[in-house]
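Colleague: Sharing a structure here in structure tokens format.
Laboratory data are not the source of any read-out in this text; all were calculated from the coordinates shown. The structure presented is a predicted model; accordingly, all values stated were derived computationally and were not measured. Using ideal geometry, Cβ is built from the backbone for each residue, glycine included, and neighbour counts are taken over all protein chains shown.
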Amino acid sequence: MNLMGAIIKFFDHPFFIIFGGISATVLIIGFLLNFIFWILGITPLLWRLGYGRWFRKIAIVANTETYNNLEKDLLDSGIFRARKIYRITDKSLSDIKDHSLLLVDYQSFTTKNIIKILENKKSNAGMIFYYPQYSPRYRRAIPYKITDMISNSPNTIIVNFRGRLLNDIVMTLITTNYEKK
């Protein structure tokens, strides 16, 4: 008997046949469970992102110049369509209650208006404050009182870069609640 024949005869033992069958079964079940858990984990996130992208509206709370720039960024990114972007000015701050996703340019408003914006926000709405500190136009710092109010309000964030702004909008689409109408 040659060496190869001895090896084959050794592994033909019933122990190795049973062990091989059990190992193959565990491996197949493991792959299937891994795939199922991956699908169950990623599907709700993709569902919420898709729903948010197609059906949710975003309100940009800003003055005219900043509104135009932010709207252009949102449209260029492909996240929102033009008909899903709304404008809220300092004259219509009470309209904030009607929106579930808000993008606020901090420098477009006075401290009094910022407080009114925070008071009008629904608790389940996402709010992103845009405050690019590097710009000469944005010289004044956010007062600690306002920072605390923003921090204590659910689903709010302060962003200072436009690239980060788009990322935070996507994350807010996924993580905030929205009501079906």
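Colleague: To make sure I understand, if each residue's beta carbon is the centre and we count other beta carbons within 10 Å, what order do GLU65, GLU71 fall in, fewest to most?
Modeller: Lowest to highest Cβ neighbour count: GLU65, GLU71.
Colleague: Each residue of region 27-39 in turn: what ³J(HN,Hα) in whole Hz from Karplus with 6.51, -1.76, 1.60 and θ = phi - 60°, glycine and Pro shown as x?
Modeller: Rounded to whole hertz, the list is 5, 5, 4, x, 4, 5, 5, 4, 5, 4, 5, 5, 4.
Colleague: Can you tell me which lysines have their Cα less than 21 Å from the Cα of LYS145? Leave out same-chain residues fewer than eight positions away.
Modeller: LYS145 reaches LYS112, LYS116, LYS121, LYS122.
Colleague: Further, regarding this structure: Across the chain, what fraction of all alpha-carbon pairs, as a whole percent, falls in each successive 5 Å bin from zero upward?
Modeller: Cα pair-distance distribution for the chain, in percent: 1, 7, 14, 16, 14, 9, 5, 4, 3, 3, 3, 3, 4, 4, 3, 3, 2, 1, 0, 0.
Colleague: For SER153, SER100, what ranking results if the residue with the fewest other Cβ atoms within 10 Å of its Cβ goes first?
Modeller: Exposure proxy ranking, most exposed first: SER153, SER100.
Colleague: Which angle between 0 and 90 degrees, to the nearest 10, do you get for helix 162-175 versus the longest principal axis of the chain when only C-alpha atoms count?
Modeller: 70
Colleague: How far, in degrees from 0 to 90, does helix 64-77 lean away from the longest principal axis of the Cα atoms of the chain, to the nearest 10?
Modeller: Value to nearest ten degrees: 20.
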